Amino acid sequence: MVAASLYLGFCASIVWVGQGTYLTSAALSHARDNNLPEGLTLGKFTGEFWGLFASTQVLGNLLSLALLRNGKDGGSVLGKNMLFVVFLGCMIVGIVLMCFLSKREEKGNIDPVLCFLSKREEKGNIDPVHSSFGVMLKYIVAPLMDQRILLIIPLIVYIGLQHAFVWAVFTKNIVKPVLGISGVGGAMAIYGAADAICALVTGCLTSGLYSATFIVSIGTVVQGVVLFWLLLFYSPTVGVLGTAAPLLIGALWGVGDGMLNTVLNTVLGLLFEDAKEAAFAQCKVWECAAVAIIFFLSPNITLQAMLIIMTTALFISCGAFLFLTIVIDKPSTVRS
């Protein structure tokens, strides 16, 4: 399982950086070809992608609920095998469809570092291996010299934290004690439905940095309400209200995630059009590190401590994003 996890993480990092880069290129090319506002077009593309992606939470969890409902400790062996067969089929279809993607032509500025290294390589002044290593190192380190990415990193980290929270903590400490393990699929399906709807709506409303900041503020309030509710008032109870509470919490959490995740990917594409690969690579590095932190911490700390960490991270990320809008970026830097 450790080897499988390492392999999966390695492959997923490549897939997600490629996804963010390709989606941004496709949206901006479509906007230029059709004389559309770039900010609004990228917002719609991002919202549609994340809306469809989140909708798989509904289909996948309902499928899990159906196949695993009749078995002890999470379903029968036959049910689990059927589930993996269906998921494998979906992966194969996705790989086949990916082969039909069209090539995206980059129209951004030429990177001076790439030009400099290329000329030195042509003159024989630098070894190709050293050239490639220099370019790779530049793309790793250079984004961290940009104030904008430093102010976005707290939001990236929080999104990773809240994803891991809903997967590792919400299902174990809130859903399972009330609904049982068979109810996890239904609760996560509701979470996915709310996430999908809000991602689609958010994509249509995001046209630039200022609209993105307004949406981030709303998402912060929604998830902040949930965190304070869990921290100060929530306790598992029986009856209709007790059963409905985890479902309502999942729906509200999905609303916040749909807003924050869509806005983050849209803003990265707008602010870093000429360094998309580096920006999305930084995004996945910090997000995955945050996910790992939650999975390592969750068995060793209490739910209350986890909620305090989440609340602190939420308000720090919102404050940094507001600072990015008010102080660092001018309206002209984001094309709306």
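On the given criteria, is TRP229 in contact (Cβ under 8 Å) with a residue 12 or more places away in the chain and either open to solvent by less than 10 Å² (accessible area, probe 1.4 Å) or among the polar types (S, T, N, Q) (or both)?
Values: in contact (Cβ under 8 Å) with a residue 12 or more places away in the chain: yes; either open to solvent by less than 10 Å² (accessible area, probe 1.4 Å) or among the polar types (S, T, N, Q) (or both): no.
So TRP229 does not fit the description; no.
Can you tell me which residues in the stretch 287-304 are among the aromatic types (Phe, Trp, Tyr) and without any contact (Cβ under 8 Å) to a residue 12 or more places away in the chain? Step through it out loud before you land on a result.
Restricting attention to the stretch 287-304, the residues satisfying the condition of being among the aromatic types (Phe, Trp, Tyr) are 295-296.
Passing the criteria: only PHE296.
Is it fair to say ILE316 is open to solvent by 70 Å² or more (accessible area, probe 1.4 Å), part of a helix (DSSP H, G or I) and either under 20 Å from ILE215 (Cβ atoms) or small (Gly, Ala, Ser) (or both)? Before the answer, list the steps.
Numbers: open to solvent by 70 Å² or more (accessible area, probe 1.4 Å): yes; part of a helix (DSSP H, G or I): yes; either under 20 Å from ILE215 (Cβ atoms) or small (Gly, Ala, Ser) (or both): yes.
The answer is yes for ILE316.
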#### Entry: Answer from THR220, THR262 - the residue that is touching a Cys at 6+ places or on another chain (Cβ under 7 Å) and modelled with pLDDT of 85 or more
THR220
### Query
Of all helices (runs of 4 or more DSSP H) completely enclosed by the stretch 195-305, which ones contain at least 2 residues that are of a type in the set (D, E, K, R)?
276-297
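Return yes when VAL113 is open to solvent by 30 Å² or more (accessible area, probe 1.4 Å) and either within 19 Å of the chain's Cα centre (by Cα) or at pLDDT 70 or above (or both) and no when it is not. Even if it seems obvious, please write down each step before you answer.
Details: open to solvent by 30 Å² or more (accessible area, probe 1.4 Å): yes; either within 19 Å of the chain's Cα centre (by Cα) or at pLDDT 70 or above (or both): no.
Answer is no for this residue.
Identify all residues within the stretch 144-166 that are open to solvent by 10 Å² or more (accessible area, probe 1.4 Å), modelled with pLDDT of 85 or more and either within 15 Å of ALA54 (Cα to Cα) or not in a helix (DSSP H, G or I) (or both); write none if there are none.
Residues of the stretch 144-166 open to solvent by 10 Å² or more (accessible area, probe 1.4 Å): 144-148, 150-151, 153-154, 157, 161, 163.
With modelled with pLDDT of 85 or more added as a condition, the list becomes 148, 150-151, 153-154, 157, 161, 163.
Answer for the stretch 144-166, where residues must be open to solvent by 10 Å² or more (accessible area, probe 1.4 Å), modelled with pLDDT of 85 or more and either within 15 Å of ALA54 (Cα to Cα) or not in a helix (DSSP H, G or I) (or both): just HIS163.
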## Note on the structure
How many residues of the stretch 206-216 are open to solvent by 80 Å² or more (accessible area, probe 1.4 Å) and either small (Gly, Ala, Ser) or touching a residue at least 60 places away in the same chain (Cβ under 8 Å) (or both)? The answer is 1
### Task
Give the residue, chosen from GLY219, GLY203, that is without any contact (Cβ under 8 Å) to a residue 60 or more places away in the chain and under 20 Å from LEU155 (Cα atoms).
GLY219
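The values are calculated or read from the model by the stated rules, or taken from the named source; none is laboratory data. Everything numeric here is computed off the predicted structure, so don't read it as measured data. Neighbour counts run over all protein chains shown; Cβ positions are idealised from the backbone, glycine included. Only protein heavy atoms, including side chains, enter the accessible area calculation; ligands, DNA and RNA are left aside. Shrake-Rupley method; radii C 1.70, N 1.55, O 1.52, S 1.80 Å.
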